[in-house]
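To start, the structure under review is shown below, and the notes come after it.
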Amino acid sequence: MEDTDLKTRTVGLLADPGIAQALANKVSTRLESVLNSKYQDEATWTVTVDPMSLPMNESGQVVLIKHASRLREEHGWDFVIYLTDSPQYEQGRPVRSMISCDYGAATVVLPSIGVPTQRGVAQTLADALHELAEGDKPMPKPTTLGRVLSVQGSLDSANESGERYDSIEGIRGRTMLVVGMILGNRPWRLVPRLTSALAGAAATGAFGVFYTSIWSMADYLSFGRLVLITVVSVLVLSTWLIFHNRLWERPQGARRKEKLLLYNLATVLTVVIAAAAMYLLLFIVLLLGSLVVIDQAFLSFELNHEATMSEYLNLAWLAASLGTLGGAIGSSFDQVESVQRATFSQREVERRNIELGTSADDET
C-alpha cells in the first residue's frame, strides 16, 4: 500500500505548563514513531503539542470531555489527550488515565506514573490512543512478577459519561503518586532560589571554620552525633522555609483529607530535598575554604594529634550544620510568590478560575 493511500490521524497533546509541557515536547516525536510503527499499514499519525491548562471544577477534577468536541473541531484533531500535573481522583481512588472513546479524548495524570521516563510516558499515551482508536484497552501479557507488583486497577464511570479510568491502588500506588508529585515540584529548581539562605548559612559557617573551639568540638564528636546535628539543621531550615513562606497546603474539594496528607507530604519532601542540596553545597564550600586557609601543622597543634583529611571533613561537616542552623531563622526563598504558585493546591485554585482558550502562566 502506498503512503498516499494511508489516512492521516492527528493528535492534539495538551499539556500543563511546566514539567508536563517539557515532557510532552520530548515525547511527541517518540509517540509519533510508536504509533506509526504500530499502525504502519493503516494510518499516518501526527502529534501536535499545545501548552494549555484546562479548567477544573470545584472538586478539583479536570473536565476534558466538556470541551473535547470543540477543541477537536477548532484544531482539526482526531483525538485530544491532556497531560496534567494535577492528581485526579475517581470514586475515591487516584487515577492514572481517564479515557472517553465517545469523545475521542483522554487525560493522563503525570504524577500517577511515578518516575516519568520519556519511554514510559510515550507508552502510556500510546496505550490511551490505542483505546481511543480501536475501542478496546490494550492487554499486554503480564509476567508472574508483573502481576504481583502491579498497582493498577480499572474503573468505569459512575455517571453516563462513558469514561473509563485506570486507577492506582494501595500503599505502593500512593507512594508512586507522591514520588511523581515531588518530581512535579522540581526540587532542583528551588536550590537557586535559596541564595539568601545560603549566604546567611555560609557567613555563620565560615565563623565556625575559623573558630578553634569548633575545631576541637568537631574532632571530639562521634559520627552518630554529627549525623544527628545534620538532620536537625536540615529539618529546622525546612520547617522554617515551609511555614515562613506559607507553603503548607490546604486543598479543597473531593478527597480533601487524603489530598491534605499527600500534597503536604510532597511539599515537605520537596523542600527537604532542596534544603539538603543547599547543605551539601555549603559543606563543599566550607571544606574547600578550610583546606585553603587552615594549615595542617597548625590544625595538628590545636588538636594535639596529627590532622588528616578526616579532621578537615569533620570540621566542615560541623560548620555546615551550625551554619545551616544559624542561617535558617529569617531565611527565605527568593521570588516567594513563584514558589507558592508551584504548590499543588495553589495550582488547583488558579485552574478553577481559568477559561478555556487561556493558559495559566508558566509554572516555575
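The values are calculated or read from the model by the stated rules, or taken from the named source; none is laboratory data. Computed from a predicted structure; not experimentally measured. Positions of Cβ are backbone-derived with ideal geometry, glycine not excepted, and every protein chain shown enters the neighbour counts. Ligands, DNA and RNA are excluded from the accessible area calculation, which covers all protein heavy atoms including side chains. Shrake-Rupley method; radii C 1.70, N 1.55, O 1.52, S 1.80 Å.
For the range 249-269, the criterion of being modelled with pLDDT under 90, buried (at least 21 other Cβ atoms within 10 Å of the Cβ) and under 16 Å from Val236 (Cα atoms) is met by at least one residue. Against the list (1) part of a strand (DSSP E or B); (2) open to solvent by less than 30 Å² (accessible area, probe 1.4 Å); (3) farther than 23 Å from Asn185 by Cα, the condition Leu71 fails is (1). Which of the residues that make up the range 57-68 are outside any loop (DSSP other than H, G, I, E, B) and either under 16 Å from Ala20 (Cβ atoms) or touching a residue at least 40 places away in the same chain (Cβ under 8 Å) (or both)? The answer is Val62, Leu64, Ile65, His67. Residues that are outside any helix (DSSP H, G or I) and either within 16 Å of Arg119 (Cβ to Cβ) or acidic (Asp, Glu) (or both) within the range 14-56 comprise Asp16, Asp41, Glu42, Val47, Asp50, listed in sequence order. On the stretch given as the range 239-289, residues that are of a type in the set (A, V, I, L, M, F, W, C) and closer than 20 Å to Gly114 by Cβ total 8. Of the candidates Leu198, Leu194, Leu235, the single residue that is in contact (Cβ under 8 Å) with a residue 12 or more places away in the chain, part of a helix (DSSP H, G or I) and touching an Asp or Glu at 6+ places or on another chain (Cβ under 8 Å) is Leu194. From the list Val27, Val62, Val49, the lone residue that is farther than 30 Å from Arg256 by Cβ and either of a type in the set (Ser, Thr, Tyr) or open to solvent by 10 Å² or more (accessible area, probe 1.4 Å) (or both) is Val49.
Tell me which residues, restricted to the range 294-314, are hydrophobic (A, V, I, L, M, F, W, C) and loosely packed, with under 11 Cβ neighbours inside 10 Å. Hits for the range 294-314 are Ala297, Met309.
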